[in-house]
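The values are calculated or read from the model by the stated rules, or taken from the named source; none is laboratory data. Keep in mind that this is a model prediction, so the values were computed, not measured. Here the Cβ positions follow ideal geometry from the backbone for every residue, glycine too, while neighbour counts run over all protein chains shown. Calculation scope for accessible area: heavy atoms of the full protein, side chains included, ligands and nucleic acids excluded. Shrake-Rupley method; radii C 1.70, N 1.55, O 1.52, S 1.80 Å.
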Amino acid sequence: MNQENKVNGNSKNKQLDPFRSDDRDKHLTTNQGLKVSEDEFSLKVGSRGPTLMEDFHFREKMTHFDHERIPERVVHARGYGAHGEFELYESMKPYTKAKFLQNPGTKVPVFTRISTVAGSKGSFDIPRDVRGFATKFYTEEGNFDLVGNNMPVFFIQDAIKFPDFIHAVKPEPDTGYPQAASAHDTFWDFIANNQESAHMVMWLMSDRAIPRSLRMMEGFGVHTFRFVNDEGKAHFVKFHWKPKLGIHSAVWDEAQKINGKNPDFNRQDIHESIENGDYPEWELGVQIVPEEDEFKFDFDVLDPTKIWPEEDVPVKIIGKMTLNRNVDNVFAETEQVAFHPGSVVPGIDFSNDPLLQGRLFSYTDTQLIRLGGPNFHELPINRPVCPFHNNQRDGYGRQTINIGKSSYHNNSIANNTPSPASVEEGGYEHYQEKVEGRKIQARSESFKDHFSQATMFWNSMSDVEKQHIQDAFSFELGMVNNKHIRQQVVDMIAHIHLGLAQKVADNVGVQQPLTGGSDVSKSSPALSQMNTIYQPDTLKIAVVLDEGFNDLEVETVIQGLKEHQTYPTVISSKLGRIKGENGMELEATATFDTGDPVLFDALYVVGGKNSSKDFTKKTSYMVQETFKHFKPIGATGKGINILRENGITEEPGVITGDQVGNFITTFIDAVAAQRHWNRNV
Ligand code: HDE
């Protein structure tokens, strides 16, 4: 990256709209526009005397600072946002009249914020947690917000339980810990006593909860929505985001270490890839079910704890989102963005999913406290790209200066404008669903099967993924102090899979359930991450070398790695230039201290001519950690000796070679495969 880009961000995609202020090369002024002549010393009586109230610049600067913080989001506080665009591949005209989904090639700007859920804003990037995946489409008909998660189901079936669930997962109220973790008593107490969470808990214990990169995870709208076409005909629809890089995860031991070594690991990864022009991409998929088929499934399409297996209802890919511009200002954009599942456009409507219905209330309500009043839609990041006119007025922070006398409807002094638009003119019309029933507070009978899809999820996992789920349950319950809670959870798992429950029971010191089990044999291959896309693009390779490295070999290998779109980083005992045996110099940009192996996807061990004991010891640590986390290791020349000393030359994903050409090809294949699970670890 050149220096100019470092200062300016990704200038290629920079847009200076009227809201952006470029303060560089300008004089310092007060907020009133007055030029300031002194910004380091407050106004005092003599150089050692008391400060004067009269110093308006000091007071303004300090007051503004004192008010810089706003409440963090009650959930999804820690987020990363970026701009981009969505392009439609295939017309959805038969299903929806949404204008941005009519003509292939149509592009609309988007803003996406990806978040963790439980942790505070200052927590770390890879807890075991759900990730929020919220996208604002700025369409010509208004903003459409797809506010989803990286898991397709949820913990509860009715919004009224959300405050309870969140209270249970957040740090415990009497101690204030643990931060950003579900591994504690109240969370598991909630789960065991609200068994509708069984399916979601399987996702949470799976590798999906520890994504290697925000660019390598799926997104889901979760709820069933409606598409409504020109003729007013509706279809049920579920939304999916499919990452072009495939779905990849860290392993748990690695994730825990990353959180200490680089708490910003995920955000830095996506930020840098956008700066480098390696734009993250996701394809948008839809599952569509005609309304007539509402009752054809063995689950209720309104139940947010259920998926529509992709093998039963195929995901039709209809477009692509590319994130191509980092924010200029995290507060103004990522922090102030306000999503709302109720922000829809004509042709997109809701279902009666009781979780979705409750969300339609909560999101505006939460912005009122978080953004301090009802005018948050005027903030630059939230403004639609089409004009907006109505009779709403005043309130904190109002920016629009509405002209004229009338702010009511009906009126005669403004010709009864702004006036409602007819459907033909683009006015939004709610889908005229026929509903009849008694007012009751109850769970529908059709929502009462909590375990079949949890078992289907388990059945769909590879052996490695199953082991990870078992380990995750054992870890999480291992952190639960109350034995009776551990027992309750294990008894609950027995309804999903008896063998799993018994193994976890054994690990966490409670009684093995003897009955339970499930007769569900169905599986859905699409749920396994093993069936994903594998490629080397943008993976990070640690290249460990020392003075006197074999220049010719290393030059060729690094060149090869770059040609395959990986990011090599040279690591050595100290930063700066390292000399090869024939005089070539390479810049070490990380040391053993700053370049921990958990921060890389693969390791290439080069070594040097006369490496010190210390160098060999630290390289051995890198080798062992990388090996233990099942990641690819390559070695040439002296590096092979270091692998030998660690006894790991003949293992899957460990590539050694003297013939550099062959070495690169095999090493890149090993890198693309990412994890080599059949190792003797
Ligand atoms: Fe949210 N959720 N949520 N949620 N949610 C919020 O809104 C809420 C749910 C999701 O990057 C809050 O602006 C209720 C499901 C994302 O800014 C709040 C219920 C899904 C984000 C809120 C749910 C989500 C939020 C907090 C149960 C996946 C972050 C701050 C009915 C489909 C958006 C805010 C961003 C944020 C309420 C459940 C996704 C309090 C009541 C299910 C991605 O309004």
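Ignoring lysines fewer than eight residues from Lys97 along the same chain, the ones with Cα atoms less than 24 angstrom from its Cα are Lys107, Lys136, Lys233, Lys238, Lys242, Lys316, Lys320, Lys434. For Lys631, the lysines whose Cα comes closer than 20 Å to its Cα, not counting residues fewer than 8 places off in the same chain, are Lys257, Lys261, Lys466, Lys540, Lys562, Lys617, Lys618. Only Cα pairs under 8 Å and 6+ residues apart enter the sum, and on that basis the relative contact order of the range 534-673 stands at 27 percent. Relative protection proxy for 354-364, 220-230, from highest mean packing down: 220-230, 354-364 (other beta-carbon atoms within 10 angstrom).
Solvent-accessible area per residue in the chain equals 47 Å², computed with a 1.4 angstrom probe and all protein chains kept.
Counting Cα-Cα pairs of the range 413-487 in 5 Å increments starting at 0 gives whole-percent bin shares of 3, 9, 8, 9, 10, 9, 8, 7, 8, 9, 6, 6, 4, 3, 0.
Split the accessible area of the chain by element, probe 1.4 Å, and carbon with sulfur accounts for 51%.
Kirkwood hydrodynamic radius of the range 53-99 from all distinct Cα pairs, in Å? Working shown, then result.
Numbers: mean 1/r = 0.0612 Å⁻¹.
Answer for the range 53-99: a Kirkwood hydrodynamic radius of 16.3 Å.
How high is the relative contact order of the chain, in percent, with contacts defined as C-alpha pairs under 8 Å that are six or more residues apart? List each step's numbers first, then the result.
Numbers: 1298 pairs, mean separation 80.9, N = 681.
In percent, rounded to a whole number, it is 12.
Evaluated over the Cα positions of the chain, the convex hull gives a direction-averaged projected area, one quarter of its surface, of 38.4 nm². Near Ala77, once Lys and Arg are set to +1 and Asp and Glu to -1 for all other residues with Cβ below 15 Å from its Cβ, the sum equals +4.
Sum -39500 (n - 2.57) across every DSSP H segment of at least 4 residues in the chain, then divide by the residue count to get the 222 nm mean residue ellipticity, nearest 500. Numbers along the way, then the final one.
Working: 16 runs with 177 residues, N = 681.
Result for the chain: -8000 deg cm²/dmol, rounded to the nearest 500.
If you sort Asp174, Asp506 by accessible surface, 1.4 Å probe, largest first, the order is Asp174, Asp506. In a DSSP loop and with at most 13 other Cβ atoms within 10 Å, the GluC sites (Glu not before Pro) in the range 48-87 are Glu54, Glu68. Stokes-Einstein diffusion of the range 534-673 at 37 °C, 0.692 mPa s viscosity, Kirkwood radius from Cα pairs, rounded to a whole number: 228 µm²/s.
Ranked from highest to lowest mean number of other Cβ atoms within 10 Å per residue, what is the order of the peptides 187-194, 124-131? List each step's numbers first, then the result.
Numbers: 187-194: 21.2, 124-131: 23.4.
Per-residue Cβ counts within 10 Å, averaged per peptide and sorted highest first, yield 124-131, 187-194.
Compare the peptides 206-217, 286-297 by average per-residue count of other Cβ atoms within 10 angstrom and give them in order, highest first.
Details: 206-217: 24.2, 286-297: 14.8.
Put in order of decreasing packing, that is 206-217, 286-297.
Put simply, the amide H of Gly285, placed in the peptide plane, has neighbours under 5 Å in His240, Trp241, Lys242, Ile318, leaving out anything fewer than 5 places away on its chain.
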